[in-house]
Amino acid sequence: MIIDLIKFRDYCDIRKWDFNEFTSEFTFQFRLCRFIEDSFDNQNIELESNINRYKLFKLSKKEIDIDILTNNSEKIAIEIKYIRDFGSHNIGMFEFCKDIKFLEELVEQSFSNGIAIIFTTIPNLFTSPNSELKPKNIENINLYNAFRINKNLRGELKIKTGKMDKSLILKNSYPLQWIDFTPNIKACIINVK
């Protein structure tokens, strides 16, 4: 299954479904499910599906945002992030990387593929900086560089902010290619196989 964000955007436009800074992440999930259901035949779609359903335990997350089981027994997992709060956008960036890590784990176990989609209203996720990045916590530099300079998520990524001090390692490399989803929202899709 290949999800085309432009076709998803057009599908939403036809239905006059608006997206803005007040839209919830769940709204994106629900509308994407409607799009998948109308675009692809023979899908069984679940929202917020627990991994124990597949006899999986101790992965980096416990629930799959969108879980698809096709009639030919393919399992597809979709994770969605909508980052719209500038004050915590760095946490959202790390959580998106955590989604990708989770999808890597699911694909290693039994899923045919995983799809991570990020939507944002925050230019600091996708714009190249005008000057050298100097984060408050230097530990975050690889995360910021991955999103804003290299535009590629790979290797070890860390976040340190407040009481949060975490890191993860992505096994593969994931280029970030942003599209205009609406005039104020950018989007990027990552396929994990």
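In terms of packing, defined here as the mean over residues of other Cβ atoms within 10 angstrom, the peptides 5-11, 120-126, 69-75 line up highest first as 120-126, 5-11, 69-75.
What helices does the chain hold that run 27 Å or longer along their axis, going by alpha-carbon atoms, with a Kyte-Doolittle average of -1.0 or more, using DSSP H for the helix calls? Qualifying helices: 89-109. Springs join every pair of Cα atoms under 10 Å in this Gaussian network model of the chain, and among 137, 113, 150 the largest mean-square fluctuation is at 137. If you run the Gaussian network model on the chain, springs between alpha carbon atoms under 10 Å, then out of 25, 132, 104 the most flexible one is 132. Using a cut-off of 32 Å between Cα atoms, the listed pairs 16/171; 160/193; 55/81; 81/171 include 16/171 as exceeding that distance. Phi angles across segment 65-80 convert, under the Karplus curve 6.51 cos²θ - 1.76 cosθ + 1.60 with θ = phi - 60°, into 3J(HN,Hα) values of 4, 10, 10, 10, 10, 8, 5, 9, 6, 6, 10, 10, 10, 10, 10, 10 Hz, Gly and Pro given as x. The value of relative contact order for the chain, using C-alpha pairs under 8 Å at least six residues apart, is 18 percent.
For the chain, a Kirkwood radius taken over Cα pairs fed into Stokes-Einstein (25 °C, viscosity 0.890 mPa s) yields D = 142 µm²/s. Proximity of backbone amide H atoms, modeled 1.01 Å from N, is registered between residue 176 and 152, 153 at under 5 Å, excluding neighbours fewer than 5 places apart on the same chain.
Here the sum of -39500 (n - 2.57) over DSSP H runs of 4 or more residues, divided by the residues of the chain, equals -9000 deg cm²/dmol at 222 nm, to the nearest 500. Can you list the aspartates and glutamates whose alpha carbon is less than 17 Å from that of residue 58, not counting same-chain residues fewer than 8 positions off? Here the aspartates and glutamates satisfying the reach criterion relative to residue 58 are 48, 99, 104, 105, 108.
For the chain, a Gaussian network of Cα nodes joined below 10 Å ranks 64, 83, 51 by mean-square fluctuation, and the top entry is 51.
Coordinate-derived values only; no laboratory data. In this text, all values refer to a predicted model and were calculated from it rather than measured experimentally. Positions of Cβ are generated from backbone atoms using ideal geometry, with glycine treated the same way; all protein chains shown enter the neighbour counts.
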